[in-house]
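Notes follow the structure.
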Amino acid sequence: MANVTSGSWIWKSICKLRPLARPFVVCKVGTGITCSFWSDNWTELGPLLELTSDRGPMVSGLSKHAVVADAVREGNWWISRSQSRSPIILLLKECLPPPSVVNMREDGEDDMYLWKVGIDEASSSFSTARTWEALNPPAQRDEWYASVWCKNRIPKHAFITWLVARNRLHTRDRLIQWGLATPSVCLLCAQEDE
């Protein structure tokens with residue numbers, strides 16, 4: 001992992017986006033020799049270190065830098081024989097998929113890192129548009145949208161109506177609340193506002 005304190009400002013900016021990109025990167029376990037057991041997103045629940053915190057490696061006895069292949073002993077998870085009542089051990093037993101589902105074989109294919117957007121299937125291709133939509137979902141249109149922004153609108157009227165709908169029109173009472181020197185007399189009836 002690169003040192004975030006060295007390098008250009010653009011590299012530092014990209015490194016700061018890692019927490020945002022992490023949920024999109026999933027690992028399909030092949031041989032299990034490159035996929036990090038604690039840090040990579042290879043289970044359905046995300047990185048196991050986020051579930052167990054730093055106590056996970058301490059309580060389980062599996063190094064923080066261990067790979068998935070290190071966690072398998074004779075075709076089973078190393079933890080399957082443990083009789084510990086530690087909540088972290090019990091949580092790991094529930095979270096880990098059966099070793100047959102992971103399907104690790106020494107002669108199998110290498111671990112693959114894939115891009116997954118939302119509930120879609122993980123893929124080796126990256127789509128900027130789908131990722132943008134996942135990070136910035138479109139807002140729902142308001143009921144008044146079609147009335148204000150219709151085809152035959154007068155732009156000035158549409159803009160003022162939009163300000164009213166958003167409660168952002170600078171009316172006299174609002175200007176007075178801001179402390180601006182504005183007459184408090186009504187323009188229509190010439191009476192003092194209460």
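Values in this text are rule-based calculations from the coordinates and carry no lab data. Computed from a predicted model, the values in this text were never measured in an experiment. Quick reminder, even Gly has a Cβ in these numbers, built from the backbone with ideal geometry, and neighbours come from all protein chains shown.
Sequence-ordered 3J(HN,Hα) estimates for segment 45-59 from the Karplus curve with 6.51, -1.76 and 1.60 and θ = phi - 60° stand at 9, x, x, 5, 5, 6, 7, 9, 6, 5, 6, x, x, 5, 6 Hz, glycine and proline given as x.
Computing Rg and the Kirkwood Rh from the Cα coordinates of the chain gives a ratio, Rg/Rh, of 1.28. Summing Cβ point charges (Lys, Arg +1; Asp, Glu -1) relative to the Cα centre of the chain gives a dipole of roughly 520 debye.
Distance from the alpha carbon centroid of segment 18-83 to that of segment 162-194 works out to 62 angstrom.
For the chain, the mean residue ellipticity at 222 nm estimated from helices alone is -8000 deg cm²/dmol, where every DSSP H run of n ≥ 4 contributes -39500 (n - 2.57) and the total is divided by all residues, rounded to the nearest 500.
Across the chain, the relative contact order, built from alpha-carbon pairs under 8 Å that are at least six residues apart, equals 19 percent. Zone of residue 165 (label point 7 Å along Cα→Cβ, backbone N under 13 Å): which residues in segment 130-144? So the set is 140-144. In plain terms, the residue of 60, 13 with the fewest other Cβ atoms within 10 Å comes first and the most crowded comes last, giving 13, 60. If R0 is 22 Å, the Cβ-Cβ spacing of residue 74 and residue 94 corresponds to a FRET efficiency of close to 0.55. Loop-located trypsin sites (Lys or Arg not before Pro) across segment 110-192 with a Cβ neighbour count of 16 or fewer within 10 Å are 116, 141, 151, 153, 166, 168, with loop assigned by DSSP.
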